[in-house]
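This report concerns only the one structure given below.
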Amino acid sequence: MMLQGLPADGTGPRLSPLVALELAADAKEEAVAWLLGRIRDKQQNGGADLLVEQLGPGAGAQEKDNPNMFVVGASRQRLLSGAEDVGLFKEYSDGSMRAFTCTNKHQFKDFKGDGDSFLSTAECQYVIKHELDTLRAKDETHVPGYSQAKLYPGKSIIRRLQSKGILIQVFPLHESEELKRLSFTWYKRVKLSFQPLDEIRHYYGEGQALYFSFLEYFTLALLPMALIGLPYYLFDWDDYDKYVVFAVFNVVWCTVILELWKRWSASLAYKWGTLSRKKAFEEPRSGFHGVLGFNPVTGREEPTYPNARRLLRIYLVSLPFVLLCLYLSLYVMMIYFQMEGWALSVHDADPGFWTGVLLFVPSIIYAVVIEIMNLIYRYAAEFLTGWENHRLESSYQNHLVLKVLVFNFFNCFASLFYIAFAMQDMVLLRQSLATLLITSQILNQCMEAFLPYWLQRRRNKKMIRRAQKRRSTEGRELLLKEQVCLEADMSTYLGTFDDYLELFLLFGYVSLFSCVYPLAAVLVVLNNITELYSDAFKMCHVFKRPFSDPAANIGVWQLAFEAMSVIAVVTNCALIGLSPQVKGYFPESDTQLILWTVAVEHGLLAFKFILTFLIPDVPKHIQIKLARQEFESLGALKKKAGRRRFLALAESTCMQ
């Protein structure tokens, strides 16, 4: 809930809170006063020039409540100047997207009056987060009251306070009325229409909107495959006729949808002003440590860590650990095949209903074990990646994604590859794929939808009842402050990593082996629909509101999906080569069959890369708009340079 009209310091402008700060309950008073002073101080003095107010005693009526809760806001002019500092793009009067500047603010389309509603709440919160993150130590040697919390000139204050546990969390506040409208149009009514992506982007930012856009796009892209696969599955046609045709369709489908997605995401990014937006200079991660030195780019003091030592940690510790985990995964897979063989022998000895059910038990157990192993490995991968001590958050995320993807791919698909190409048992492949897919979807829905829903609703009802009891004894202002404490106790949203990982694995199940189980696309469509509604609910009612992420695309996940599509081409070509129809053309020579299969595979890969080249990532009309903006920018720079030369010449003439 957005709070309105709190006095900032008793004499200054009234504060409209946008962001909340929670410091440790036992934080030293001198540290708190120092932080508040730096937040309020003018920019020319090294401060953030923001408004901050401590929540009153009404919010701390119980002993367990934290008294060190603060809300942060900013004046309208400060938000506009901050929007210029972060390079925010907004729609210009001619319909193009341009970087916002205060000098030309009235030339932007939606700027009216004093710009009261020009910036969305998410954009305002992003500006405040940027200003807080850029607060840096000046001549302080340590955080006041904490001699062990060392500081040096240029060190990020917020990151140091977080790493030392003095600052517990920083989170943006919900706006209740806007959230109600978004919830109603997003998930509270069943409708056959697209998601309100512009509203999602307006409230949560571009990163979240792109994820939900990709989820929606992936679901729609699966519809042709589901519509084709359903009759294939229902009618009792020959299995091998079935999967050869479907494998050919898979090869084209997985290439085309990813190329068209890049065009669609580029269109959204241009519309939202992030396509041509330059990335801000990355600061060191809060967990990065090392010997104090100088950054050659910024000239500021910051920790330095030898890259050679990091590489030693990666190749001598992390890589062997990953290989060990892959070996353990392979060992578990062999146990699964032993269980499968035992169940098959029992069924052959005494065919019946219960022994038929027993055939599915090993696959179900294996699917559950896979999910448990993936979860345990995820925690280990996060620990190892943090221990590698990457300087930048982007580098940390890339190494983490690589570790997790390699293990999850091997853990989830190794058994299917073994069944398909070592055992060449298409019946068992279909059974294993169906069991793994259905079991993983049921587990994910329970963990991601039903369990969080039940726990959070139970906890939130208890908190709301506690707040309502205070209504008669506390004023409305203090009741609104209690809402900040309620949001502080909500779960923290950890980003889209797990969401994209789940979609990546589902994409793998469909693109790699759905030719032998055409119903896979139908199951993934149903899963994605429920995922969309459950994710929307969690964003609105379970998690704290995340800070806006001005993303232009889905980042490293685009490369992951494209790599999966290449593997899908090879896999489907190999499955085609194993079909009896294709083998019938080479009855006497397996070598010729292999050579022809490899040749066709290389031809299809060449076709895939040609198709990738022919379909531009950015639509033509957007390329023209970007080129026009670049041309106008160069012209403006030339005019400025010419004016400066003219003034310099005139000044020198007058002096003569």
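Please go through region 409-447 and pick out each residue that is under 18 Å from Y377 (Cα atoms) and either within 25 Å of the chain's Cα centre (by Cα) or not in a helix (DSSP H, G or I) (or both). Listed by number, the residues that qualify are F409, F410, N411, C412, F413, S440, L443, N444, M447. Taking the conditions (1) among the aromatic types (F, W, Y); (2) in a loop (DSSP other than H, G, I, E, B); (3) at pLDDT 90 or above in turn, W237 satisfies each one other than (3). The number of residues in region 295-311 being of a type in the set (A, V, I, L, M, F, W, C) and within 29 Å of the chain's Cα centre (by Cα) comes to 2. Across region 357-386, the qualifying residues are those that are among the polar types (S, T, N, Q) and over 30 Å from V346 (Cα atoms), and the one among them that is surrounded by the most Cβ atoms within 10 Å (Cβ to Cβ) is T385. Against the conditions (1) at pLDDT 90 or above; (2) within 28 Å of H289 (Cα to Cα), S329 satisfies every one except (2).
What are the residues in region 131-152 that are surrounded by fewer than 17 Cβ atoms within 10 Å (Cβ to Cβ), in contact with a Lys or Arg (Cβ under 8 Å, 6 or more places away or on another chain) and among the hydroxyl-bearing types (S, T, Y), if any? T141, the sole residue that qualifies.
Does region 568-583 contain at least one residue that is within 29 Å of the chain's Cα centre (by Cα), under 30 Å from A83 (Cα atoms) and of a type outside the set (S, T, N, Q)? Scanning region 568-583 turns up no residue that is within 29 Å of the chain's Cα centre (by Cα), under 30 Å from A83 (Cα atoms) and of a type outside the set (S, T, N, Q). Checked against (1) among the β-branched types (V, I, T); (2) in the same structural domain as L21 (by TED's automatic domain parsing); (3) touching a helix residue (DSSP H, G or I) at 6+ places or on another chain (Cβ under 7 Å), I200 passes all but a single condition, namely (2). All of E140, E131 fail the test of being assigned to a helix (DSSP H, G or I) and of a type in the set (D, E), apart from E131. Of all the listed residues (L405, L375), the sole one being under 24 Å from Y509 (Cα atoms), of a type outside the set (V, I, T), assigned to a helix (DSSP H, G or I) and free of Cβ contacts under 8 Å to residues at least 60 places away in the same chain is L375.
Given the structure, is L268 of a type in the set (A, V, I, L, M), at pLDDT 90 or above and either under 27 Å from the mean Cα position of the chain (by Cα) or over 23 Å from A563 (Cα atoms) (or both)?
Spelling it out, L268 is indeed of a type in the set (A, V, I, L, M), at pLDDT 90 or above and either under 27 Å from the mean Cα position of the chain (by Cα) or over 23 Å from A563 (Cα atoms) (or both).
Of all residues in region 543-557, none are β-branched (V, I, T) and more than 30 Å from F89 (Cβ to Cβ). When R310 is tested against (1) of a type in the set (K, R); (2) at pLDDT 80 or above; (3) touching a Phe, Trp or Tyr at 6+ places or on another chain (Cβ under 9 Å), just one condition goes unmet, and that condition is (3).
In region 340-353, the residues that are more than 19 Å from L433 (Cβ to Cβ) form Cβ pairs under 9 Å with partners that are assigned to a helix (DSSP H, G or I) and of a type outside the set (S, T, Y), at six or more places apart or across chains, as follows: W342/P362; V346/L358; H347/G356; H347/L358.
With respect to the conditions (1) modelled with pLDDT of 85 or more; (2) on the phi < 0 side of the Ramachandran plot, L151 falls short on a single one, namely (1). Filtering R263, R277 for residues that are modelled with pLDDT under 75, under 30 Å from I615 (Cβ atoms) and surrounded by 13 or more Cβ atoms within 10 Å (Cβ to Cβ) leaves a single hit, R277. Residue check: is S514 farther than 23 Å from G229 by Cβ and of a type in the set (S, T, Y)? No; evaluated as a whole, the condition is false for this residue.
Whenever a residue of region 547-563 is touching a residue at least 24 places away in the same chain (Cβ under 8 Å), its partners that are assigned to a loop (DSSP other than H, G, I, E, B), lying with C-beta atoms within less than 6 angstrom and at least six residues away or across chains, give the pairs S548/G205; D549/G205; P550/T274; A552/T274; A552/L275. Under the condition of being touching a residue at least 12 places away in the same chain (Cβ under 8 Å) and surrounded by fewer than 14 Cβ atoms within 10 Å (Cβ to Cβ), the residues counted in region 581-610 number 2.
The values are calculated or read from the model by the stated rules, or taken from the named source; none is laboratory data. If you're wondering where the values come from, they're calculated on a predicted model, not measured in any experiment. Backbone-built Cβ (ideal geometry, glycine too); neighbour counts: all protein chains shown.
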